[in-house]
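Visitor: One structure, pasted below without further comment.
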Amino acid sequence: MQFVAPPSEAAPDFLVSVVLAGDVDGAHYREILQELARRLGRAFQFWEILLAVPEAGAEETSTLVASLKGIANLRILRVSAAGSFYRRRLAGATEAIGEVVLLSTFDEIDTIDVARLARDVYLSNGIFALTRQQGGTRVLAPFAAALGTLSGYRVDHRDALTIGFPRSALENILARPDAEILLRFEPLSGIFTFNRVPLVGGKEPPRRRWNDWRHRIGLVGDMMVSASPRILRIVAFVSLSVAGIAVFYAFYAALVWLLKADVAPGWLTTSLLQSLTVLFLGISISAISVGLVRMFDLLSNEGRYAIVDEVISVDLIGSIKTMNVDFVAGDPAPLPARREEVDPG
């Protein structure tokens, strides 16, 4: 990887990684990447662009490499074709080495101020999620918000696809099983807080195309899977409530049989069998649901602690400008003579 010499107005020395996921088809995408490389080169000394594309054949890959040849600091990642758009974003975020990692798309990257966003993320050490002034499809907004709440994420139809992460927060997110969703939505638990700001560049990106619906459908499926622990908790509570109702119904049947003389033959036996069946099913489903929730908690380490931030930190090597190299004017001073060991005897 080559590094462009920093201009006089360059930002402090930190590595910026910009991750783009999607299909690259046509000269328009090459122009976007070239312009992005020029903007990063003018603003930063250390930077890289990661392009996560679906896996293709050898001929298609050679054509892609040839079409993007000459773009500085460009890394191309071939991701399994079976992976969705958000899985390609996850692959790019995993391979990024920057202290600041920006996830974006071709539709949005040329409408934002990348340098300002990267500086804000680096200086505040926080996650920045860009939002639109106007949302997209408002018809599905209530459904998306309800599904997000059930899954434990804040879903807003005005959220853009561009998000900036500092290295510390990104490492914590990548270690979680729901990293694919956390790279898109803010968790309601508060373990990761997204700073929502208007689009930095002041321009609205184009509306999403209709062929992006397949990305959304895949994300909805992942969110429904992520909501399974909460759904199982609800199922466990409802099943236990039904089991309690079955017990009350058994007492009711016995009380009616004792107080009324004209009870139909076999009614008490049928009622007790029904209540016992419902009681068994309710307790069984509740126990199975609780056990599955416990397995989810063990696999996802939900019960363990999570460090959100370090309030006071120690800079051990920041004050040493030349690291382990000393520049001395003139001849170096002689090394001190070795001290003779004294024999105590």
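The values are calculated or read from the model by the stated rules, or taken from the named source; none is laboratory data. Bear in mind the structure is a predicted one, so any value in this text is a computation, not a measurement. Cβ: placed from backbone, ideal geometry, glycine included. Neighbour counts: every protein chain shown.
Visitor: Can you find a residue in segment 51-61 that is more than 22 Å from residue 123 (Cβ to Cβ), at pLDDT below 90, buried (at least 18 other Cβ atoms within 10 Å of the Cβ) and among the polar types (S, T, N, Q)?
Guide: Taking every residue of segment 51-61 in turn, none turns out to be more than 22 Å from residue 123 (Cβ to Cβ), at pLDDT below 90, buried (at least 18 other Cβ atoms within 10 Å of the Cβ) and among the polar types (S, T, N, Q).
Visitor: Another question, then. With respect to the numbered conditions (1) under 29 Å from residue 28 (Cβ atoms); (2) touching a Pro at 6+ places or on another chain (Cβ under 8 Å), which one is the sole condition not fulfilled by residue 104?
Guide: Unmet condition: (2).
Residues are listed down the side, and each one gets a yes or a no for (1) in a loop (DSSP other than H, G, I, E, B); (2) among the basic types (Lys, Arg); (3) outside the structural domain of residue 179 (by TED's automatic domain parsing); (4) modelled with pLDDT of 80 or more:
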site: 83; (1), (2), (3), (4): yes, no, no, no
site: 86; (1), (2), (3), (4): no, no, no, yes
site: 92; (1), (2), (3), (4): no, no, no, yes
site: 103; (1), (2), (3), (4): no, no, no, yes
site: 116; (1), (2), (3), (4): no, yes, no, yes
site: 123; (1), (2), (3), (4): no, no, no, yes
site: 128; (1), (2), (3), (4): no, no, no, yes
site: 136; (1), (2), (3), (4): yes, no, no, no
site: 147; (1), (2), (3), (4): no, no, no, no
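Visitor: Let me ask something else. Would you be able to say whether some residue in segment 259-277 is under 48 Å from the mean Cα position of the chain (by Cα), modelled with pLDDT of 85 or more and closer than 30 Å to residue 148 by Cβ?
Guide: Just the residues of segment 259-277 that are under 48 Å from the mean Cα position of the chain (by Cα), to begin with: 274-277.
Restricting the remaining residues to those that are modelled with pLDDT of 85 or more gives 274-277.
When the remaining residues are screened for being closer than 30 Å to residue 148 by Cβ, the result is none.
No; the residues of segment 259-277 include none that is under 48 Å from the mean Cα position of the chain (by Cα), modelled with pLDDT of 85 or more and closer than 30 Å to residue 148 by Cβ.
Visitor: Let me ask you something else. Specify which of the listed residues (76, 97) is at pLDDT 90 or above and out of contact with any His (no Cβ under 9 Å at 6 or more places or on another chain). Full working, then the answer.
Guide: Details: 76 fails: at pLDDT 90 or above.
Step by step, each of 76, 97 is checked, and only 97 is at pLDDT 90 or above and out of contact with any His (no Cβ under 9 Å at 6 or more places or on another chain).
Visitor: Continuing with this model, one more query. Look at residue 98 and say whether it is under 21 Å from residue 35 (Cβ atoms), small (Gly, Ala, Ser) and in a loop (DSSP other than H, G, I, E, B).
Guide: Details: under 21 Å from residue 35 (Cβ atoms): yes; small (Gly, Ala, Ser): yes; in a loop (DSSP other than H, G, I, E, B): yes.
For residue 98, the condition - under 21 Å from residue 35 (Cβ atoms), small (Gly, Ala, Ser) and in a loop (DSSP other than H, G, I, E, B) - is met.
Visitor: Would you say residue 244 is closer than 22 Å to residue 291 by Cβ, out of contact with any Cys (no Cβ under 9 Å at 6 or more places or on another chain), exposed (fewer than 15 other Cβ atoms within 10 Å of the Cβ) and of a type outside the set (Val, Ile, Thr)? Before the answer, list the steps.
Guide: Numbers: closer than 22 Å to residue 291 by Cβ: yes; out of contact with any Cys (no Cβ under 9 Å at 6 or more places or on another chain): yes; exposed (fewer than 15 other Cβ atoms within 10 Å of the Cβ): yes; of a type outside the set (Val, Ile, Thr): yes.
For residue 244, the condition - closer than 22 Å to residue 291 by Cβ, out of contact with any Cys (no Cβ under 9 Å at 6 or more places or on another chain), exposed (fewer than 15 other Cβ atoms within 10 Å of the Cβ) and of a type outside the set (Val, Ile, Thr) - is met.
Visitor: On to the next question. Would you confirm, using the coordinates I've provided, whether residue 256 is part of a helix (DSSP H, G or I) and over 30 Å from residue 151 (Cα atoms)?
Guide: Details: part of a helix (DSSP H, G or I): yes; over 30 Å from residue 151 (Cα atoms): yes.
So residue 256 passes the test.
Visitor: Suppose we filter segment 106-120 for residues that are buried (at least 17 other Cβ atoms within 10 Å of the Cβ) and either more than 16 Å from residue 39 (Cβ to Cβ) or of a type in the set (D, E, K, R) (or both); how many remain? Before you say what the answer is, go through the steps one by one.
Guide: Step one: list which residues in segment 106-120 are buried (at least 17 other Cβ atoms within 10 Å of the Cβ), which gives 106-112, 114-115, 117-120.
Right, trim to either more than 16 Å from residue 39 (Cβ to Cβ) or of a type in the set (D, E, K, R) (or both) and you get 107-108, 110, 119-120.
Qualifying residue count for the region: 5.
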